[in-house]
Amino acid sequence: LEKMDLPPRSKLFDFHGVSMIPCFTDNWENYQNFQARPDDILIATYPKAGTTWVSYILDLLYFRESLEDRLTTIPIYERVPFLEICIPGKDLVDNLTTSPRLIKTHLPVQFVPKSFWEQNCRIVYMARNAKDNMVSFFHFDRMNKVEPDPGEWSSFFQRFLDGKMVFGSWYDHVNNWWKKKESYSNLHYMFFEDLVENTGHEIEKLCSFLGLSPSAEEVERLSSSVQFDNMKKDKMANYSTAPVMDFKISPFMRKGKVGDWKNHFTVAQNEAFDEDYKKKMTDPTLQFRTEV
Ligand code: A3P
């Protein structure tokens with residue numbers, strides 16, 4: 001797609017109880033029949049929870065030494081392609097030639113193709129606190145011209161609480177993936193806030209899940225490569241090569257902070273949010289931090 005001939009913004013519709021847009025359901029049959037391999041790694045997130053960050057970390061972990069060209073010539077969204085996206089003529093996932101294959105998805109857990117479960121693939125789920133996730137999503141929908149029009153902040157805020165977002169309700173997404181850990185052990189659930197607070201430690205935990213044992217120096221080097229400022233500068237990671245995004249409105253690598261919601265939420269919104277949150281987030285074992 002060229003910037004010139006963008007289709008109109010998508011409209012949300014109900015898809016098996018989840019708000020979606022056609023570009024993530026048009027390929028449904030195709031991706032439901034996806035044949036996973038046992039060493040595939042699925043990176044699962046609600047949109048704007050730090051997908052690109054985890055993708056980048058995993059990609060460097062596996063390929064920095066062996067495939068150096070990859071890092072300088074292939075954008076991250078091709079290195080770690082998006083399972084459910086429908087771009088006619090571009091089957092990025094099927095064309096992956098690396099091992100392991102790193103695959104990204106935003107699907108709610110009940111929509112994940114069954115082959116991933118049957119093959120017992122490793123799955124890395126990254127979650128981000130709802131308030132910052134909402135703010136990031138708002139700015140993303142402003143600048144990404146295939147997303148539904150976000151409208152004013154106050155109406156976007158309400159839509160988020162109502163779960164009328166692309167890929168559905170944040171609350172359902174994080175809760176249902178969390179519950180999945182009880183029946184599926186090859187799932188590593190991590191938090192954006194932890195990764196901001198202590199990148200090295202989170203990378204070590206991730207490596208232990210993946211069965212990798214990098215040296216302390218390697219972990220150190222990796223944590224510094226994946227800091228926000230470095231990724232923002234990296235043309236292959238910052239989405240500057242993606243056609244549908246208008247960085248004049250808002251860059252993809254926007255702030256990368258915990259707590260930016262404080263610059264957006266009014267006092268009244270914050271109270272309404274917290275009230276509603278308590279009703280929806282009833283599992284005491286799943287706790288998010290809205291500041292670090
Ligand atoms: P903000 O909009 O709050 O800045 P996703 O990759 O799921 O679309 O998530 C994008 C969000 O992750 C953006 O949040 C982006 O800035 C943030 N992000 C990406 N890389 C990051 C990094 N290295 N450190 C901190 N945040 C990062």
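For the stretch 1-96, the set of trypsin sites (Lys or Arg not before Pro) satisfying both a DSSP loop assignment and a count of at most 15 other C-beta atoms within 10 Å is given as 3, 9, 11, 64, 90. The ranking of 241, 73, 25 by Cβ neighbour count inside 10 Å, starting from the fewest, reads 73, 241, 25. Rounded to the nearest 500, the 222 nm mean residue ellipticity of the chain from helices alone is -11500 deg cm²/dmol, with -39,500 (n - 2.57) taken per DSSP H run of at least 4 residues. Among 199, 285, the order by Cβ neighbours within 10 angstrom, fewest to most, reads 285, 199. Around the amide H of residue 122, modelled in the peptide plane, lie the amide H atoms of 42, all under 5 Å away and 5 or more residues distant in sequence or on another chain.
Among the GluC sites (Glu not before Pro) in the stretch 49-110, those placed in a DSSP loop whose Cβ has at most 13 other Cβ atoms within 10 Å are 65. Full extension of the segment from residue 114 to residue 280, taken as 0.36 nm per residue of separation minus the current Cα-Cα distance, would add 57.0 nm. Counting other Cβ atoms within 10 Å as a rough exposure proxy, the listed residues 188, 106, 16 run 16, 188, 106 from fewest neighbours to most.
Stretching the chain fully between residue 287 and residue 230 yields a gain of 17.6 nm (0.36 nm per residue, less the alpha carbon separation). Summary of the geometry: the stretch 255-292 and the stretch 212-238, compared by the centres of their Cα atoms, lie 28 Å apart.
What distance in nm separates the two pseudo spin-label positions at residue 30 and residue 162, each 7 Å out from Cα along the beta-carbon direction? Between residue 30 and residue 162, the label points sit 3.2 nm apart.
For the cross-link pairs 179/232; 255/279; 104/131, the ones whose C-alpha atoms lie over 28 Å apart are 179/232; 255/279. What lysines does residue 11 reach when the alpha-carbon gap must be under 16 Å and sequence neighbours fewer than 8 apart in one chain are set aside? Here the lysines satisfying the reach criterion relative to residue 11 are 145, 164. Springs between Cα atoms under 10 Å define the GNM used for the chain, and in it the highest mean-square fluctuation of 104, 179, 248 occurs at 248. Length gained on full extension, residue 12 to residue 209, computed as 0.36 nm times the residue gap minus the Cα-Cα distance: 67.3 nm. The H on the amide N of residue 10, modeled in the peptide plane, is under 5 Å from the matching H of 147, each at least 5 residues off or on a different chain.
Where the alpha-carbon atoms of the chain are placed on the principal axes, they occupy 51, 43, 39 Å, in descending order. Computed 3J(HN,Hα) for the stretch 148-161, one whole-Hz value per residue from the Karplus formula 6.51 cos²θ - 1.76 cosθ + 1.60 where θ = phi - 60°, is x, 4, x, x, 6, 3, 5, 7, 4, 3, 5, 4, 4, 4, glycine and proline marked x.
None of the figures in this text is laboratory data; all of them are computed from the coordinates on show. What you see is a predicted model; the values in this text were computed from it and never measured. Every residue, glycine as well, gets a Cβ built from its backbone with ideal geometry; the counts of neighbours run over all protein chains shown.
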